[in-house]
Amino acid sequence: MDHAARHRRAFSIDRRRALHMSAVGVSLAGIPVRTAMAQTSATPIASPVPAGDVPVSGEAVPELADFDALMFATMPKWNLPGGQLAIARDERLVYNRAFGYASVEDGEVVGTGSRFRIASNTKPITAVAILKLIDAGEIALDTPVFPLLALEGPANAPYDARLDTITVEHLLVHSGGWNSSATGFDPQYPAGSVMASHVFGAESPADPTTIIRYMLGQPLDFDPGTVSAYSNFGFNVLGRVIEHLSGQPYEQFTIDEVLVPAGATSMAIGGTTLAERMEGEVRYYSPPGLPTRESVYPGEGFAPVGYGGYSMPGLDAHGGWIASAADTIRFALAVDGKRSTALLTPDAVTLMETTPRPPSAAAGVGNAETSLGLGWNSVAADGGYEWTHSGALEGSNCAWLVRRGDGTTAAFVFNSLPQDFGAFFGDVIPAMQELLAGITDWPETDQFG
């Protein structure tokens with residue numbers, strides 16, 4: 001087979017693998033993307049930036065200039081105001097660049113340390129926190145979670161006895177019994193979170209524990225462990241397991257035990273509104289045509305979807321973190337000690353990357369026919385396993401993180417999400433994988449510093 005044929009075959013394999021992994025890993029906010037309508041002037045709108053006018057920061061890497069070109073082409077094509085791309089080879093950060101605008105209105109450019117929402121790329125972080133508790137002997141994969149939490153459901157509500165059979169593993173492989181793809185109902189987002197506040201007379205937006213208590217009065221969609229259906233709610237439950245066992249808030253435990261040991265010191269659970277934008281955090285932009293929506297804060301009327309269409313603290317363990325692309329790479333490299341002290345034992349890493357998921361319950365975002373992995377989406381590749389995840393929040397952001405079996409790790413983040421997000425991920429991820437697979441002469445520098 002000649003070189004060109006080998007390259008075509010390798011790209012074909014990488015493209016199929018990338019599309020499979022992106023299908024498993026993308027989580028959109030559980031509010032259906034509505035038909036494009038005219039936005040009000042109050043909604044931030046991503047302004048197209050001509051490729052030649054996209055500002056860029058971070059150290060130029062001539063050997064990897066093709067990645068610059070891909071970012072320059074991607075951002076105006078998909079109407080993305082700002083983004084970051086970071087790449088590591090083995091334990092070295094060889095590329096870390098920022099593109100476009102953190103705030104279009106202010107002319108504020110994105111820096112390599114700017115922080116973005118990472119949406120469902122939160123799930124691998126939560127999974128590693130749970131696996132640390134397993135390593136410590138505090139819990140096991142077969143531990144039933146609801147008897148452990150002992151939460152009280154709504155008064156006089158029916159109780160599905162199958163709830164008591166849901167284990168830690170069921171939640172990590174999206175097999176707890178909830179199928180939002182089929183029902184169109186994800187309690188992590190309105191109207192579920194609003195109903196949870198109403199039922200308990202609690203403050204709105206509902207906190208994660210109130211949402212769980214509400215769901216104790218709802219029937220399951222399938223028997224736990226029989227099929228797999230992508231579940232944000234299941235990772236909310238895992239966050240409360242972490243709090244129950246550690247005696248700490250989910251955010252603090254994860255910072256102390258996972259992120260700081262990994263050297264990922266920029267990360268935090270993000271705020272909901274523009275006024276709650278954190279220091280160094282970018283501004284988020286709805287794609288043109290996405291209408292405003294009722295704010296999760298009572299009495300505040302309508303808001304841009306990314307600034308009130310859902311509560312970020314309510315998403316904490318499945319979609320709440322903000323981070324730079326480089327810090328998500330620090331986390332990925334620390335899981336097994338590729339860089340820094342290993343977060344997990346070798347046995348826990350093996351469980352994380354080889355545990356099979358039950359067959360998919362449904363087609364659609366976040367579901368694939370067959371897959372592996374606890375928290376991460378894992379596939380055998382390059383003599384090892386490739387771990388990946390994608391994240392997306394409607395009207396807000398998109399992200400992707402991959403740790404390939406060949407020793408390359410990459411992450412991108414952007415501060416908007418195209419309405420046709422499936423086409424976006426299907427375009428960008430295979431193109432990124434093709435470039436990553438084609439590099440034969442990697443820089444020897446290390447920007448981790």
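The values are calculated or read from the model by the stated rules, or taken from the named source; none is laboratory data. Quick caveat: nothing in here was measured; it's all calculated off a predicted structure. Cβ atoms come from the backbone with ideal geometry, glycine included; neighbour counts cover every protein chain shown.
Figures for the structure shown
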item: Selection status of Pro144, touching a strand residue (DSSP E or B) at 6+ places or on another chain (Cβ under 9 Å) and within 30 Å of Ala202 (Cα to Cα); result: yes
item: Boolean, Gly449 is small (Gly, Ala, Ser), at positive phi, out of contact with any Ser or Thr (no Cβ under 7 Å at 6 or more places or on another chain) and in a loop (DSSP other than H, G, I, E, B); result: yes
item: Residue that is surrounded by the fewest Cβ atoms within 10 Å (Cβ to Cβ), among those in the range 409-426 that are touching a helix residue (DSSP H, G or I) at 6+ places or on another chain (Cβ under 8 Å) and more than 17 Å from Asn121 (Cβ to Cβ); result: Gly426
item: Test: residue in the range 278-299 that is of a type in the set (Asp, Glu), closer than 19 Å to Ile118 by Cβ and in a helix (DSSP H, G or I); result: no
item: Unique residue being over 24 Å from Leu141 (Cβ atoms), buried (at least 24 other Cβ atoms within 10 Å of the Cβ) and out of contact with any Asp or Glu (no Cβ under 8 Å at 6 or more places or on another chain) when the list is Ser295, Ser228, Ser286; result: Ser286
item: Unmet criterion (only one of (1) among the polar types (S, T, N, Q); (2) under 16 Å from the mean Cα position of the chain (by Cα); (3) surrounded by fewer than 21 Cβ atoms within 10 Å (Cβ to Cβ)) for Thr126; result: (3)
item: Matching entry among Glu203, Glu251, Glu279, Glu243 (being free of Cβ contacts under 8 Å to residues at least 40 places away in the same chain and closer than 30 Å to Tyr101 by Cβ); result: Glu279
item: Wholly enclosed helices (runs of 4 or more DSSP H) of the range 136-201 bearing at least 2 residues more than 17 Å from Leu315 (Cβ to Cβ), modelled with pLDDT of 95 or more and out of contact with any helix residue (DSSP H, G or I) (no Cβ under 7 Å at 6 or more places or on another chain); result: 168-172
item: Flag if Ile322 is at pLDDT 95 or above, touching a Lys or Arg at 6+ places or on another chain (Cβ under 6 Å) and not in a loop (DSSP other than H, G, I, E, B); result: yes
item: Residue in the range 215-227 that is assigned to a helix (DSSP H, G or I) and either aliphatic (A, V, I, L, M) or out of contact with any strand residue (DSSP E or B) (no Cβ under 8 Å at 6 or more places or on another chain) (or both) present; result: yes
item: Residue within the range 374-387 that is within 16 Å of Asn232 (Cα to Cα), touching a strand residue (DSSP E or B) at 6+ places or on another chain (Cβ under 7 Å) and crowded, with 24+ Cβ neighbours inside 10 Å present; result: yes
item: Total residues in the range 157-191, condition touching a strand residue (DSSP E or B) at 6+ places or on another chain (Cβ under 8 Å) and under 20 Å from Gly373 (Cβ atoms); result: 5
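Condition check ((1) crowded, with 16+ Cβ neighbours inside 10 Å; (2) outside any loop (DSSP other than H, G, I, E, B); (3) modelled with pLDDT of 95 or more) across all residues:
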| residue | (1), (2), (3) |
| --- | --- |
| His318 | yes, yes, yes |
| Thr328 | yes, yes, yes |
| Ala332 | yes, yes, yes |
| Asp336 | yes, no, yes |
| Arg339 | yes, no, no |
| Val349 | yes, yes, yes |
| Glu353 | yes, yes, yes |
